[in-house]
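Read-outs: derived from the displayed coordinates by stated rules, not from any lab. Predicted model only: the values in this text are computed from it and were never measured. Cβ: placed from backbone, ideal geometry, glycine included. Neighbour counts: every protein chain shown.
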Amino acid sequence: MTAATRNPRVCVIGAGMAGIATAHTFVQAGFTDLVVLEKGSDVGGVWHWNRYPGLTCDVPSQIYQLSFALKPDWSQVCATGEEIQRYHRDVVDRLGLDKYIRLNSEVVAAEFTGGRWRVETRDGHVEEADFVVCATGVLHHPAVPNIPGLESFEGPVVHTARWDDSVATEGKRIAVIGTGSTGVQVVSALQPAARSIAHFVRSPQWVIWAPMTVRQPRLVSRVLAGAPLLRRAVYAVALQAANLFTDVVIRPSWRRKLVQAYARLSLRVLVRDRALREKLTPDYQPLCKRQVVSGTYYRTIVKPNAELVTEGVASVTPTGIRTDDGRERPVDVIVLATGFKAHNYMRPMDLRGKDGLSIDEAWADGPRAYQMTAIPGFPNLFTVLGPNSPTGSVPLQYSAELTAKYITHWLRRFRDDGVRTVEVTDAAAKHFNEGVAEALGPTVWNTGCNSWYFNQDGSVDLWPYDRKTMKAMLTAPDESDYEVTYESEEPSRRERARSASTE
């Protein structure tokens, strides 16, 4: 087949880490007819939107970075949110990606019109594109709990994902509702200057002690800055170390038992008060939920001005919070550390594929994608860090870069071989998801806890394989799993094969 070379117009939705990785990968591959639409006022995604006190990444800095933009001079073992946000902005500026990015451009609708995509932003701007790549991430739609009386509270109510720096917390009676990494971090940060702080925890979580705020020595930064090969070697070692954690969560082993024993030891050693320790002890295995790592929380919650509240929140009054036992605690500020609607992905945008199929219809039983990136019924659309992404195992940067390289295969086929549309088959997606369901069985996430990892249908929305398996799946597409159409009237390779087999 011969076809005139034509460059695809590509629209990437989202300029967080996944969007930056995708844009750079496409540009490096020569695909520069590109626009990245970002709803925020800056790049960085979750690190742009989240600015709450104490915000720190719980993944070591030497691994929580893009492989094509290794930073030698991280300030500490686990970087602060502010530093990670600056890193992403610096990467965009340094690599010249800014010219492709349109900030303050929230996508409200995207529709496949038969041959191309029509993408509309909230301000009425319309983009026409041959391919759409959704790099919208997971943690960007704040979840606000439905608590009776919350709207009647007379003081400030602030969600950690939309922090308001004008809210005064010093000397105040603060209530933090919600646990997980966010709740642990914000309680630790606000407690020293608070008059009192009450941490309302519906279900306690295991907290592994780790010295997250240890400074990276300046000598290390100088050496890494002057030795790019060493910098890459350190990153490679960090990736290998991450493989050990992946093994811990996806397979029962002595390694898992060792990490779980350390989680229990952290609680037993750092909280000497037996009654408080019992209240802090979860009724499920460590690692079942997104693991919380902190070097400060257990020391914080035992302070005289701190209180752990495990009774359910019955209602909010104009001046306080009433729990199920009838007690009302006076409160000046309410902080919602209640996480995100983690399974919304591209929603609430009105996303419509072939024959008007909406994403809500396609995902009526929960988000599904083939190898995290292709959705039946949505030609020329891919996701980066879509359903089943490894938010609990493999480094997300690695996954995003690998997925973006996978997508470039189809961009090349469009440019060089006359491909018009590419769409994963229902059968391929079904086969992949059946394999995922089976592989999730022995993972630690399936050991009996209720977490945000679970879809509405009760399935775990995570990657149940190791990094080696991911690389094997995403190195190049298996074209037999896709329906392909061409610009010319000549039948596709798949259709020709079918015809040959029936003759």
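DSSP beta bridges fully contained in the chain are about 45 percent antiparallel.
Spherically averaged projected area of the convex hull of Cα atoms, segment 172-288: 10.1 nm². Net charge in the neighbourhood of residue 173 (other residues with Cβ under 15 Å of its Cβ; Lys, Arg +1, Asp, Glu -1) is +1.
Each of the peptides 311-322, 52-63 was scored by the mean count of other Cβ atoms within 10 Å over its residues; in descending order, highest first, they stand as 52-63, 311-322.
Taken along the Cα-to-beta-carbon direction at a fixed 7 Å, the label points for residue 277 and residue 257 span 2.2 nm. Using a simple spin-label model with pseudo-atoms 7 Å out from Cα toward Cβ, residue 213 and residue 33 lie 5.2 nm apart. Centre-to-centre, using Cα atoms only, segment 428-479 and segment 1-42 are separated by 27 Å. With the simple spin-label model, which puts each label point 7 Å out from Cα in the Cβ direction, the residue 240 to residue 426 separation comes to 4.7 nm.
Eigenvalues of the alpha-carbon gyration tensor of segment 47-187, scaled by 5 and square-rooted, set the equivalent ellipsoid semi-axes at 32, 25, 13 angstrom, largest first. In this structure, the residue pairs whose Cα-Cα separation is over 26 Å, taken from 39/468; 289/468; 71/257, are 39/468; 71/257.
Alpha-carbon geometry of the chain: the Rg and the Dmax are 24.1, 83 Å, given in that order. With the highest mean first, a sort of the peptides 253-260, 69-76 on other beta-carbon atoms found within 10 angstrom per residue produces 69-76, 253-260. Highest mean first, the peptides 278-284, 387-393 sorted by other C-beta atoms within 10 Å per residue fall in the order 387-393, 278-284.
Rounded to two decimals, the Cα-based Rg/Rh of segment 218-349, with Kirkwood Rh, is 1.08. Its Cα gyration tensor gives segment 96-145 an equivalent ellipsoid; the semi-axes, largest first and in whole Å, are 22, 16, 12.
Where does the chain land at 222 nm, in deg cm²/dmol rounded to the nearest 500, when only DSSP H runs of n ≥ 4 count, each adding -39500 (n - 2.57), divided by all residues?
-9500 deg cm²/dmol
Here segment 68-100 and segment 293-345 have alpha carbon centers that stand 33 Å from each other. Taking the inverse of the mean reciprocal distance over all distinct Cα pairs, the Kirkwood hydrodynamic radius of segment 361-476 comes to 14.9 Å. Projected onto their three principal axes, the Cα atoms of segment 64-122 cover extents of 49, 20, 18 Å, largest first.
Here is the short version for the chain: 11, 57, 78, 134 have no other Cys C-beta closer than 4.7 Å. Building the convex hull from the alpha-carbon atoms of segment 127-169 and averaging its projection over directions returns 5.7 nm². Length available on full extension from residue 102 to residue 193: 0.36 nm per residue minus the Cα-Cα distance, which gives 28.8 nm. A cut-off of 5 Å between modelled amide H atoms, ignoring neighbours fewer than 5 places along the same chain, links residue 292 with 208.
Only Cα pairs under 8 Å and 6+ residues apart enter the sum, and on that basis the relative contact order of the chain stands at 21 percent. Taking the Cβ of residue 304 as the center, what net charge do the other residues with Cβ under 13 Å away carry, scoring Lys and Arg +1 and Asp and Glu -1? Cβ neighbours under 13 Å give a net charge of +1. Pairs of Cα atoms nearer than 8 Å and 6+ residues apart set the relative contact order; for segment 1-144 it is 34 percent.
Would you mind checking which residues have amide H under 5 Å from residue 34's amide H? H placed 1.01 Å from N; only 5 or more apart, or other chain. For residue 34, the qualifying residues are 10. Restricting the calculation to Cα atoms, every distinct pair contributes to the Kirkwood radius of segment 151-207, found to be 12.1 Å.
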